[in-house]
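*Asks:* Here it is, the structure in full.
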Amino acid sequence: MNLKIAIVTDIHHGKDSASKKGESALTLMAAFASFVADNKPDLVLDLGDRISDMDPETDLELEREVNAAFVPIRELAPVFHICGNHDRDFLSVAQNEEIFGQTLRNQVHDVEGIRVVLWRADTVISRPLGFNCPDSDIAWLAEVIAAADRPLLIASHVPLSGHSQIGNYYFQRNPEYSTYPQGERIREVLRASKVPTVCLAGHVHWNTLTTIDGIPHLSQQSLTESFVMSAESGAGKPCGSFGLLHFTADTIDYQVLGADAFRCILPLAQTERRWYPPMGNFSELADHSERQARIAAFQSQAQAAQ
Ligand SMILES: [Fe+2]
């Protein structure tokens, strides 16, 4: 088993904003193409939000410009795209499929002993409700997990961990836009996996590792994000994040290069262990009052002995 994947996410080609340097996206994509040439991955993943949406006509043009940036990369390795919410604000899945020349529906690809699951669950955000993950996407994922006979890498735009957004520029005060409201059901589906399983997402514009039921959930920083940049580290500059995920027989080595660097190395075997289901609430445990009574008795004995 030896699988190397290069990852780019949240390219956000478009106008600069307070926190995103969208005007640097195409220059950074040229650098990403060199990164792919240097690292020779088996495949390349784009986890979505390729553009910062404006209107239907502008968005089509922006997506076409991003596709042009992927043309030289496709000569180096197969590239798989996933749509993010910004790719879907004004554009349909079919329009994105036409531009990127591939299906953007759920798919699996077996590569180098790993099953790469492209979980392209719906990423439309409706305001003020947020995301909605259709039952059909959850059922599809459950079938893939039930049939798995090798390690799974589950790639999606939206993170599935439900991890804390404290400190996140976009999501600390908007956590309902950071994940699916069906998160508990999705994690129940993931928990049933009997094989080593890793989840990878974009969307939240920061690098994280969160372990849920023994499953590592990774999120990767945006190519053009700048909210994490302090004055010392170059405020106002894009992160230029390029991810590299390397599976070997024993380990998963995930690193993100760029101004917001990240790295973790995990034992692969550990990712197939499912944890105990969480115990009940302490206040509802049967022996709670008995335990308190024993502590009180001990304390009064101790006091009497003084
Ligand atoms: Fe994004």
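*Asks:* Could you pull out the residue among G162, G113, G130 that is within 16 Å of the ligand (Cβ to nearest atom) and in contact (Cβ under 8 Å) with a residue 40 or more places away in the chain?
*Replies:* G130
*Asks:* Hey, could you check region 1-14 for residues that are within 14 Å of the ligand (Cβ to nearest atom) and part of a loop (DSSP other than H, G, I, E, B) and say which is surrounded by the fewest Cβ atoms within 10 Å (Cβ to Cβ)?
*Replies:* Among them, the one singled out is G14.
*Asks:* Restricting attention to region 172-227, which residues are within 15 Å of the ligand (Cβ to nearest atom) and among the aromatic types (F, W, Y)?
*Replies:* Once the filter is applied, which keeps residues that are within 15 Å of the ligand (Cβ to nearest atom) and among the aromatic types (F, W, Y), region 172-227 yields Y177, W206, F227.
Yes/no matrix, rows are residues, columns are (1) more than 20 Å from A121 (Cβ to Cβ); (2) in contact (Cβ under 8 Å) with a residue 60 or more places away in the chain; (3) assigned to a helix (DSSP H, G or I); (4) polar (S, T, N, Q):
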residue: T179; (1), (2), (3), (4): no, no, no, yes
residue: V195; (1), (2), (3), (4): yes, yes, no, no
residue: W206; (1), (2), (3), (4): yes, no, no, no
residue: S230; (1), (2), (3), (4): yes, no, no, yes
residue: A235; (1), (2), (3), (4): yes, no, no, no
residue: I265; (1), (2), (3), (4): yes, no, no, no
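*Asks:* So, one more: Take region 195-245 and flag every residue that is within 22 Å of A269 (Cβ to Cβ) and in contact with a helix residue (DSSP H, G or I) (Cβ under 8 Å, 6 or more places away or on another chain).
*Replies:* Passing the criteria: V195, P196, T197, V198, C199, I212, D213, G214, I215, P216, L244.
*Asks:* So, one more: Restrict the check to region 134-150 and report whether at least one residue is at positive phi and crowded, with 16+ Cβ neighbours inside 10 Å.
*Replies:* The answer is no; no qualifying residue exists.
*Asks:* Same structure, new question: Search region 257-269 for residues being surrounded by fewer than 14 Cβ atoms within 10 Å (Cβ to Cβ) and within 18 Å of T211 (Cβ to Cβ), and hand back the single one that is farthest from the chain's Cα centre (by Cα).
*Replies:* Checking each candidate, the answer is A269.
*Asks:* As an exercise: evaluate T27 against (1) free of Cβ contacts under 8 Å to residues at least 40 places away in the same chain; (2) more than 19 Å from S226 (Cβ to Cβ); (3) among the β-branched types (V, I, T) and give the number of the one condition it does not meet.
*Replies:* Evaluating T27 over (1) free of Cβ contacts under 8 Å to residues at least 40 places away in the same chain; (2) more than 19 Å from S226 (Cβ to Cβ); (3) among the β-branched types (V, I, T) leaves (2) as the failure.
*Asks:* Something else: Could you please tell me which pairs satisfy a Cβ distance under 7 Å, a separation of 6+ or placement on different chains, a first residue in region 32-51 that is closer than 20 Å to A155 by Cα, and a second residue that is among the charged types (D, E, K, R) and away from the ligand (no atom under 16 Å from the Cβ)?
*Replies:* Matching pairs, first to second residue: P41/K4; D42/K4; D42/E112.
*Asks:* Considering region 21-64 alone, what residues qualify as being part of a loop (DSSP other than H, G, I, E, B), within 18 Å of F242 (Cα to Cα) and within 16 Å of the ligand (Cβ to nearest atom)?
*Replies:* K21, L47, G48, D49, R50
*Asks:* Let me ask something additional. Can you tell me how many residues in region 99-119 are over 25 Å from N2 (Cα atoms) and either out of contact with any Asp or Glu (no Cβ under 8 Å at 6 or more places or on another chain) or buried (at least 16 other Cβ atoms within 10 Å of the Cβ) (or both)?
*Replies:* Residues meeting the conditions: 6.
*Asks:* Moving on. Please tell me if D87 is of a type outside the set (A, V, I, L, M) and farther than 19 Å from L118 by Cβ.
*Replies:* No: the conditions fail for D87.
*Asks:* Further, regarding this structure: Tell me whether region 42-62 contains one or more residues that are within 30 Å of V195 (Cα to Cα), surrounded by 21 or more Cβ atoms within 10 Å (Cβ to Cβ) and among the acidic types (D, E).
*Replies:* Yes - at least one qualifying residue is present in region 42-62.
*Asks:* For region 65-98, what are the residues that are of a type in the set (V, I, T), away from the ligand (no atom under 16 Å from the Cβ) and surrounded by 17 or more Cβ atoms within 10 Å (Cβ to Cβ)?
*Replies:* Listed by number, the residues that qualify are I73, V79, V93.
*Asks:* Same structure, new question: Select the strands (runs of 3 or more DSSP E) contained entirely in region 67-154, then report the ones holding at least 2 residues which are more than 18 Å from the chain's Cα centre (by Cα).
*Replies:* 107-111
*Asks:* Please name all residue pairs, on different chains or six or more residues apart, with Cβ atoms under 6 Å, provided the first residue is in region 211-225 and is farther than 18 Å from V256 by Cβ and in a strand (DSSP E or B) and the second residue is of a type in the set (S, T, Y) and away from the ligand (no atom under 16 Å from the Cβ).
*Replies:* Listed by first residue and then by second, the contacts come to I212/S161; I215/T197.
Coordinate-derived values only; no laboratory data. These figures come from a predicted structure and were not determined experimentally. Glycine also receives a Cβ, built like all others from the backbone with ideal geometry; neighbour counts cover every protein chain displayed.
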